[in-house]
Amino acid sequence: MSGPTVEKLAYMVNQIARNLVHDDAPVAAVADHIVAFWTPRMIDTLLAEGTNALEPVAAEAMARIKAAR
């Protein structure tokens, strides 16, 4: 069984980032949301792809998740 495509995951994390951009700490909020609600496989898939398709807040959040591993 396959999971969401990289494109879908990038769309999702960008959408989360847009929704949380006005949070006091948007990067932390996005990273916390991803860690809480995404499967490790989803996170690994997006991390393997890099951040080219991600908006700045989303890219920073994924970099934070990667550094924490």
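The values are calculated or read from the model by the stated rules, or taken from the named source; none is laboratory data. As the structure is a prediction and not an experimental result, all values here were calculated from the model. Heads up, the Cβs are rebuilt from the backbone with ideal geometry, glycines too, and the neighbour counts pull from every protein chain shown. Ligands, DNA and RNA are stripped out before the accessible areas are found, and what is left, the full protein with its side chains, is counted by its heavy atoms. Shrake-Rupley method; radii C 1.70, N 1.55, O 1.52, S 1.80 Å.
Within region 1-12, if we keep just the residues that are open to solvent by less than 60 Å² (accessible area, probe 1.4 Å) and not aliphatic (A, V, I, L, M), the residue that is nearest to Glu55 (Cα to Cα) turns out to be Pro4. Considering region 17-39 alone, what residues qualify as being within 17 Å of Ala68 (Cβ to Cβ) and either assigned to a loop (DSSP other than H, G, I, E, B) or aliphatic (A, V, I, L, M) (or both)? Of everything in region 17-39, those that are within 17 Å of Ala68 (Cβ to Cβ) and either assigned to a loop (DSSP other than H, G, I, E, B) or aliphatic (A, V, I, L, M) (or both) turn out to be Ala25, Val27, Ala28, Ala29, Val30, Ala31, Ile34, Val35, Ala36, Trp38, Thr39. For region 40-55, indicate whether the set of residues that are among the acidic types (Asp, Glu) and assigned to a helix (DSSP H, G or I) is non-empty. Yes: one or more hits. Whenever a residue of region 17-31 is of a type outside the set (Lys, Arg), its partners that are open to solvent by 60 Å² or more (accessible area, probe 1.4 Å) and modelled with pLDDT of 95 or more, lying with C-beta atoms within less than 6 angstrom and at least six residues away or across chains, give the pairs Ala17/Glu55; Val27/Glu60; Ala29/Asp23; Ala31/Arg64.
Within region 13-48, restricting attention to residues that are under 9 Å from the mean Cα position of the chain (by Cα) and of a type in the set (Val, Ile, Thr), which residue is most open to solvent (accessible area, probe 1.4 Å)? So, considering only residues that are under 9 Å from the mean Cα position of the chain (by Cα) and of a type in the set (Val, Ile, Thr), the one most open to solvent (accessible area, probe 1.4 Å) is Val35. Looking only at residues in region 49-69 that are open to solvent by 60 Å² or more (accessible area, probe 1.4 Å) and in contact (Cβ under 8 Å) with a residue 40 or more places away in the chain, the one that is farthest from Val6 (Cα to Cα) is Glu55.
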